Amino acid sequence: MSLILTTKTVPGADAARPAAECLAAGGLVAFPTETVYGLGADGTNGEAVARLYAAKGRPSFNPLIAHLPTLEAAQRVAVFSETALKLAQAFWPGPLTLVLPKAPGCPVSELATAGLDTVAVRIPAHPVALAILKALGRPIVAPSANRSGHVSPTTAAHVLHDLDGRIDLIVDGGPVNVGVESTIIGCTGAPVLLRPGGTPRDEIEGVLGISLGRIETAPGHDNPLAPGMLESHYAPKAAVRLNATDVKNDEALLAFGEALPGARPERTLNLSPRGDLIEAAANLFGHLRTLDDTATRTIAVMPIPSHGLGEAINDRLRRAAADRPS
Ligand code: TXA
Ligand code: MG
């Protein structure tokens, strides 16, 4: 059994010390961020990082995101270009990850960066995550706290379901508020969108005054720039049918806006009855898990607009629909 610590103070001060002590001793701690729950290890401890890959059951060593509490701390890990600084100042703390050249003497373990000469960094906008980061005083590397290939966790219960007994501690800070992972921008040359996520593209383009290139990573195809995107991610057990304009007899429905006629209420969940993309992102992974638990064979998903957070939502749904282990 993993130990669960429910934090009762808003800044998570009660949980920060035991969580940091556990991490400093090489332990694995799941904690809330604003995007999804992360599974943290001390980023400077190669052995702890190796345990983290094993606990998730990651088939290959995909590089991890290093989480930091301040820009100064991030600058000891990575080299910031002018563009990177602009993005950091505009969006941190927040759901944005920057892939940057490693700083000389970067303390993050080679295993966590998969031997690359770049490192992914972000400052999460969550009081519990920040309190733990400050208490530890070292970078925390943290992938989403799910078994590899599963849907990312947005509550402590999801983490427990996937990782109970495989990790040391779960800090329960309630449900997260964004619901999809951070947007990843490659910033080693001209900025490119490596993964759409919680910070919408148009906000980033607004700050930079340019339109972002997108490194398209078709599910199942290798891409050295965004190595993690090739995994069979976000896959529920049920098949997923996108852009559904009708519901078949045996299907569950993931609705958006007004639900399709003929949908069975006991098998329908609505991402946002009022058609709000922020609300839909927050509900996405939880609703996929709940519908999957009904043991339905197929989840039909209504069309979701592609602007704003819709780009990230549609990206995750495409992966859920495409990656069918045979
Ligand atoms: O919102 C999030 O980003 C969450 C929370 C916990 O912070 N974390 C998360 O981590 O989604 P994970 O491991 O599920 O996704 C990290 C992604 C992977 O696709 C990985 O390949 C990519 O970041 N990545 C990490 N380091 C990289 C690097 N140096 N170059 C390119 N991609 C990198
Ligand atoms: Mg993940």
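Observations
- For residue 44, residues with placed amide H under 5 Å, excluding near neighbours: 109
- Model label sites at residue 294 and residue 71, defined 7 Å from Cα along the beta-carbon direction, differ in position by 4.8 nm.
- Cα centroid separation, segment 190-206 to segment 17-65 (Å): 26
- Of all DSSP beta bridges in segment 46-179, antiparallel share, percent nearest 5: 70
- A Gaussian network model of the chain, with springs between Cα atoms under 10 Å, assigns the largest mean-square fluctuation among 148, 272, 211 to 211.
- Computed over all pairs of different Cα atoms, the Kirkwood value for the hydrodynamic radius of segment 239-322 is 12.4 Å.
- Comparing Cα centroids, segment 68-131 and segment 166-181 end up 20 angstrom apart.
- The chain: relative contact order as a whole-number percent, Cα under 8 Å and 6+ apart: 20
- Per-residue HN-Hα couplings for segment 115-130 [Karplus 6.51, -1.76, 1.60; θ = phi - 60°; Hz; x = Gly/Pro]: x, 6, 8, 10, 9, 8, 10, 7, 9, x, 9, 9, x, 5, 4, 5
- Computed over Cα pairs, the Kirkwood radius of the chain leads via Stokes-Einstein (0.890 mPa s, 25 °C) to a diffusion coefficient of 124 µm² per second.
- Under-5 Å amide H pairs with residue 171, H placed in peptide plane, nonlocal only: 5, 30, 31
- Between the residues 307, 321, 191, the greatest Cα displacement towards the positive end of the dipole of the chain, with unit charges on the Cβ of Lys, Arg, Asp and Glu, is found for 321.
- Net dipole in debye of the chain [+1 Lys, Arg Cβ; -1 Asp, Glu Cβ; about Cα centre; nearest 20]: 280
- Shape call, segment 28-96: gyration tensor on alpha carbons, a/c limit 1.5: prolate
- Taking a ≥ b ≥ c as the square roots of the eigenvalues of the Cα gyration tensor, segment 55-213 is prolate, since a/c reaches 1.5 or more and a/b is larger than b/c.
- Computed from backbone phi, the HN-Hα couplings of segment 248-253 come to 7, 3, 9, 9, 8, 10 Hz, rounded to whole numbers (Karplus: 6.51 cos²θ - 1.76 cosθ + 1.60, θ = phi - 60°; Gly and Pro given as x).
- Top of 40, 57, 94 by mean-square fluctuation, Gaussian network on the chain, Cα under 10 Å: 57
- Under a 5 Å amide H cut-off, with hydrogens placed 1.01 Å from N, residue 118 pairs with 102 among residues at least 5 apart or on other chains.
- For the chain, share of DSSP beta bridges that run antiparallel, in % to the nearest 5: 40
- Across the alpha-carbon set of segment 1-132, the Rg to Rh ratio works out to 0.96, Rh being the Kirkwood radius.
- Neighbour net charge for residue 4 - beta-carbon separation under 12 angstrom, K R +1, D E -1: -3
- Count Lys and Arg as plus one, Asp and Glu as minus one, and take only other residues whose Cβ is under 14 Å from that of residue 270; the net charge is then -1.
Read-outs: derived from the displayed coordinates by stated rules, not from any lab. Just so we're clear, the structure is a prediction, and the values are computed from it rather than from any experiment. Note: ideal-geometry Cβ built from the backbone for every residue, glycine included; neighbour counts use all protein chains shown.
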